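Report on the structure given below.
The values are calculated or read from the model by the stated rules, or taken from the named source; none is laboratory data. In this text the structure is predicted, and so the values were computed from the model without any measurement. For neighbour counting, all protein chains shown are included, and Cβ atoms are generated from backbone atoms with ideal geometry for every residue, glycine included.
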Amino acid sequence: MDKKRTILSVDDSPINNKLIEAYFRRDYNVVTKDSGQQALAWLEENIPDVMLLDIMMPVMDGIQVLEKIQENERLRDIPVIMVSAKTEMDSIKATLSMGAQDYVKKPIDFTELQSKVLIAFQIGEQRKEITKYKTYYDIHQGMIHAQRIQRSILPDNESFKRLFPKSFIINMPKHVVSGDFYWIHQNFQIKNLGLFDCTGHGVPAAMLTIMGQMELHALTQNGNELITEQIFPLLSKKFSHFLNTSADTYTQYDGMDGIICSVNSETRIMDFVGAKRSLVVVRQGNDELMVNGKPCEPKCSSEDYVLYEIAGDRNSIGKESEFAEFTANKIEYLPGDRMFLFSDGITDQIGGNKVKKLKKKLFYEQILELQNKSINLQKSAIFSWFDSWKEENEQTDDIMIIGVEL
């Protein structure tokens with residue numbers, strides 16, 4: 001009996017349908033339709049696990065198809081991911097308010113799409129379990145809306161690519177909302193990049209991400225100059241103050257781990273501060289990486305590349321480090337160096353033949369293996385490798401990985 005999930009792709013472009021079918025057909029049944037009318041006819045007797053629906057189609061566009069689906073009680077719970085051009089943001093907002101679960105922009109980033117399809121499967125399964133309990137169903141719908149709010153406060157891909165053209169982001173929440181987030185900011189020639197991993201996962205961690213984003217935004221208002229080593233102490237004081245205003249509290253140990261990198265393109269100096277997180281730098285060739293004026297010891301190497309790990313401080317951001325100082329490491333980088341920031345969700349993932357944690361060593365070895373690929377192609381390769389490692393095991397924690405070529 002075929003137990004594969006079914007994806008319905010609706011697009012008037014046969015090429016787009018073929019690309020989607022080629023990408024997903026190994027793991028899923030993929031049904032493609034070239035028009036809204038064909039899709040609705042197929043839906044009369046079939047229910048897919050997720051539907052990819054193009055907005056711009058002749059005769060009957062994606063919005064009209066979505067309206068028909070939402071009017072049909074049998075179909076309205078199908079998770080629908082809209083596929084759109086970059087210029088269709090108003091249409092995207094309309095479809096989300098009508099009941100679409102998510103969207104992707106063309107040209108499609110298939111790693112991003114696969115991540116959203118997996119979330120759609122998860123949400124669809126949860127919906128089946130809880131729709132008979134109205135209160136829980138309302139909570140579940142609220143979670144989906146919370147995911148959209150949380151995603152809206154992150155810098156979008158276009159903004160990120162403008163600042164770091166050669167880069168990728170992998171963002172895989174364990175549940176619908178995430179405790180990991182990233183942050184970017186530019187001040188003249190200095191580009192700032194941060195990755196943060198909040199305590200726990202799910203809703204509690206997601207609430208902390210909102211607090212962290214808002215405080216980082218406040219620090220950069222009015223053109224204030226950012227001093228890298230002062231960011232974490234300021235955040236720690238804010239977290240300590242806001243989470244401990246009441247004696248009846250259990251949040252004194254809540255906070256986040258994180259990385260801040262400030263890249264000066266003129267001096268080719270990068271300031272790195274870490275709170276229980278390390279920075280990885282990969283360099284091609286034999287030139288030593290200088291950190292704080294001294295050669296850094298390689299962590300591992302291949303024939304053409306050397307991987308360095310620059311450790312952060314042992315304090316988290318929060319009450320425990322309210323009065324602590326964080327170390328700013330000065331890294332002398334070369335054009336073509338690649339840096340990788342990641343939360344501990346990737347190294348804590350259970351999988352492999354022995355069903356054990358991935359850990360840093362294997363992750364670093366995999367990063368080295370991929371360095372013959374361009375940084376933009378490494379995203380898909382890491383995603384596929386991780387999926388193969390995890391196999392059927394549940395995702396252990398939120399996962400975020402950022403790669404940037406300097």
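Please go through the range 302-334 and pick out each residue that is touching a Lys or Arg at 6+ places or on another chain (Cβ under 8 Å), under 24 Å from Ser374 (Cα atoms) and in a loop (DSSP other than H, G, I, E, B).
Listed by number, the residues that qualify are Tyr333, Leu334.
Go through the residues of the range 310-319 one by one and say whether even a single one is over 26 Å from the mean Cα position of the chain (by Cα) and surrounded by fewer than 13 Cβ atoms within 10 Å (Cβ to Cβ).
First, the residues of the range 310-319 that are over 26 Å from the mean Cα position of the chain (by Cα): 319.
When the remaining residues are screened for being surrounded by fewer than 13 Cβ atoms within 10 Å (Cβ to Cβ), the result is none.
No, the range 310-319 contains no residue that is over 26 Å from the mean Cα position of the chain (by Cα) and surrounded by fewer than 13 Cβ atoms within 10 Å (Cβ to Cβ).
Pairs only if they're at least six apart or on different chains, beta carbon under 6 angstrom, first in the range 99-122 and part of a helix (DSSP H, G or I), second of a type in the set (A, V, I, L, M); list them, first residue then second.
Pairs that qualify, where the first residue is part of a helix (DSSP H, G or I) and the partner is of a type in the set (A, V, I, L, M), are Leu113/Val104; Ser115/Met172; Lys116/Ile81; Val117/Val50; Ala120/Val50.
Could you give every pair whose Cβ atoms fall below 8 Å, whose first residue belongs to the range 390-406 and is touching a residue at least 12 places away in the same chain (Cβ under 8 Å) and hydroxyl-bearing (Ser, Thr, Tyr), and whose second residue is buried (at least 17 other Cβ atoms within 10 Å of the Cβ) and in a loop (DSSP other than H, G, I, E, B), counting only separations of at least 6 or pairs across chains?
These pairs meet every condition: Thr396/Lys174; Thr396/Gly345; Thr396/Gln349.
Rundown of residues vs (1) over 22 Å from the mean Cα position of the chain (by Cα); (2) assigned to a strand (DSSP E or B); (3) assigned by TED's automatic domain parsing to the domain that holds Ile331, yes/no style:
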{"residue": "Ile259", "(1), (2), (3)": "no, yes, yes"}
{"residue": "Thr267", "(1), (2), (3)": "yes, no, yes"}
{"residue": "Arg277", "(1), (2), (3)": "no, no, yes"}
{"residue": "Val280", "(1), (2), (3)": "no, yes, yes"}
{"residue": "Arg283", "(1), (2), (3)": "yes, yes, yes"}
{"residue": "Glu288", "(1), (2), (3)": "yes, no, yes"}
{"residue": "Pro298", "(1), (2), (3)": "yes, no, yes"}
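Determine if the range 351-360 includes at least one residue that is modelled with pLDDT under 95, over 21 Å from Arg268 (Cα atoms), buried (at least 19 other Cβ atoms within 10 Å of the Cβ) and not assigned by TED's automatic domain parsing to the domain that holds Gln114.
yes
Out of all the residues in the range 9-22, which are surrounded by 18 or more Cβ atoms within 10 Å (Cβ to Cβ) and either over 12 Å from Val83 (Cα atoms) or aromatic (Phe, Trp, Tyr) (or both)?
none
Of all the strands (runs of 3 or more DSSP E) wholly in the range 1-98, which have at least 1 residues that are within 28 Å of Glu158 (Cα to Cα) and in contact with a Lys or Arg (Cβ under 9 Å, 6 or more places away or on another chain)?
Of the strands (runs of 3 or more DSSP E) lying wholly inside the range 1-98, those with at least 1 residues that are within 28 Å of Glu158 (Cα to Cα) and in contact with a Lys or Arg (Cβ under 9 Å, 6 or more places away or on another chain) span 6-10, 50-54, 80-84.
Among residues belonging to the range 342-389 that are of a type in the set (S, T, N, Q) and without any contact (Cβ under 8 Å) to a residue 40 or more places away in the chain, point out the one that is farthest from Tyr305 (Cα to Cα).
Asn353
Out of the residues in the range 230-251 meeting the condition of being over 27 Å from the mean Cα position of the chain (by Cα) and part of a loop (DSSP other than H, G, I, E, B), tell me which one is modelled with the highest pLDDT.
Asn244
Condition first: in the same structural domain as Ser240 (by TED's automatic domain parsing) and more than 25 Å from Ser167 (Cβ to Cβ). Can you find one or more residues in the range 364-371 that meet it?
no
Search the range 147-196 for residues being within 16 Å of Gly345 (Cβ to Cβ) and among the charged types (D, E, K, R), and hand back the single one that is surrounded by the most Cβ atoms within 10 Å (Cβ to Cβ).
So, considering only residues that are within 16 Å of Gly345 (Cβ to Cβ) and among the charged types (D, E, K, R), the one surrounded by the most Cβ atoms within 10 Å (Cβ to Cβ) is Asp180.
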